[in-house]
């Protein structure tokens, strides 16, 4: 590297000098060549004019044309002029040739020639010619370009010598200048390498210059002072942050873009280090959740349950999210988790208490709902007992009607008991990645005939890029079917059910499904009761449909809200988590 800085400065500098001097030499040579060529051509023109005048004079003095021609040919032969050509334009007979290369003469003679004087280029020769029309002669001088170039080089040899001397001096000057520039730069580079190797910023570079390099050295020393101060502050801040991470109650693990652990705080070590096979499974689950966050680019919250080394149930609330730098780039993922075993125990106790309270409400409703159909069944059976004792055919139709009534009441009891069991027993959803649009399509296929039968139009509006949520697929289907059936009941004379999918503005943690019908609506005083067990406005209903829906939505970490106006319709809004639920941090 130390030598390369000199080469990077010296070699381009020398190349520029060489190219510049070479261009100057070429310009001188080309200009000299062109001047010499123009001079020779002008001389040839003057010689041609003199020859034409001489031929005119001889032609006037000697009346015999043949004798005059012979005199001219012999005269110029004896004169010994070089590169002179005289030929007849009638039969291309060469009368006089002092040009050595006959091939170019033949090419020249084959050209279409004007009266002249003109010049024409043939190969390495330039011919200047003029016609003498009285004898139909062409008189020309041939100039060899190669001879002209040699003559130019001989005349410009001193210029070339001066250029070579200038090049040598320029190269020496370039070496001196390059060394003068590169030496302080090499000193800077060596000092930087020393800092990198030793990590010591206290040493300063000494360069006593008043130019830009001196300014650079001063700036470099100032930069070292700034770096030293910033490093000291950074070390203090790092120690402070380490103290915070060491004493924080939450376990924190950071990973790079490939899922490899970068750092882990003391709390996380204390939670994960107690060696046991179950703890190993927890570590694996944490790694899987980190990789899921890196792959989906989404924040994920899950609760992990496992047995500790003593066989006690433990719960860990785990949240993973992306590590995003100030420039928006993703550098990895962060996982923070808390031991929520005690909180979970309290929640389970409260849930049990709430369920017992709800079951108490069921008891009073069941006593009323079951007593009425049983009373009807008892009365019908008593009547049947009396009538069936008689063989009267007229009573068959009436008996059949009573029997159908008994079957209907029995069906009511079965439906009531089914809803009661679904609501009363604990439901553990199987949370998985679910396409809500697919679940809705399946639900509509199951009850689509009811919509056609009741003249109900269904519109679906999807405003989401995707409709994927983390829910129990079967329970979600049950939720949709119950809500759609309630909407169908509210629109018994026909109507429109609008179903839409939207992303919530609340950090986009939920996907929102809205069921909006234009049915009879719900009285304002009844809105607060719609989720109570056995509350219904449908004489044929059990009053457990929306109670079951509420339980299922809550079990899937969702939210549900109902808005309604009498004679305008009802809007049911359900929000499902797209990355783990509403308890994300």
- Message: Run the paramagnetic zone check for residue 306: 7 angstrom along Cα to Cβ, then residues of the stretch 320-340 with backbone nitrogen under 20 Å.
- Response: 320-321, 334-340
- Message: Over the Cα atoms of the stretch 428-585, each weighted equally, I'd like the Debye log10 I(q)/I(0) at q = 0.11 Å⁻¹, rounded to two decimals.
- Response: -0.41
- R0 of 35 Å, Cβ-Cβ distance residue 263-residue 435: FRET efficiency to nearest 0.05: 0.40
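With a Förster radius of 22 Å, plug the Cβ-Cβ distance of residue 234 and residue 186 into 1/(1 + (r/R0)^6) and report the FRET value to the nearest 0.05. It would help to have the intermediate numbers written out before the result.
Numbers: r = 30 Å, r/R0 = 1.37.
The pair residue 234/residue 186 has a calculated efficiency of 0.15.
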- Message: Run the simple label-point estimate for residue 133 and residue 256 please: 7 Å along Cα→C-beta, distance reported in nm.
- Response: 9.6 nm
- According to a simple spin-label model (label point 7 Å from Cα along Cα-to-Cβ), what is the distance in nm between residue 18 and residue 177? 1.7 nm
- Task: Kindly state, to the nearest 0.05, the FRET efficiency for residue 64 paired with residue 92, given R0 = 22 Å and r defined as their beta-carbon distance.
- Result: 0.35
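Among 65-76, 511-522, how do they line up from the highest to the lowest mean number of other beta-carbon atoms within 10 Å? Each step should come with its number before you reach the end.
Working: 65-76: 14.6, 511-522: 20.9.
Ranked by mean Cβ neighbours within 10 Å, highest first: 511-522, 65-76.
Computed from the coordinates by the stated procedures, all read-outs in this text should not be read as laboratory data. This is a predicted model, so every value here is computed, not measured. Cβ sites come from the backbone with ideal geometry, for glycine too, and all protein chains shown count toward neighbours.
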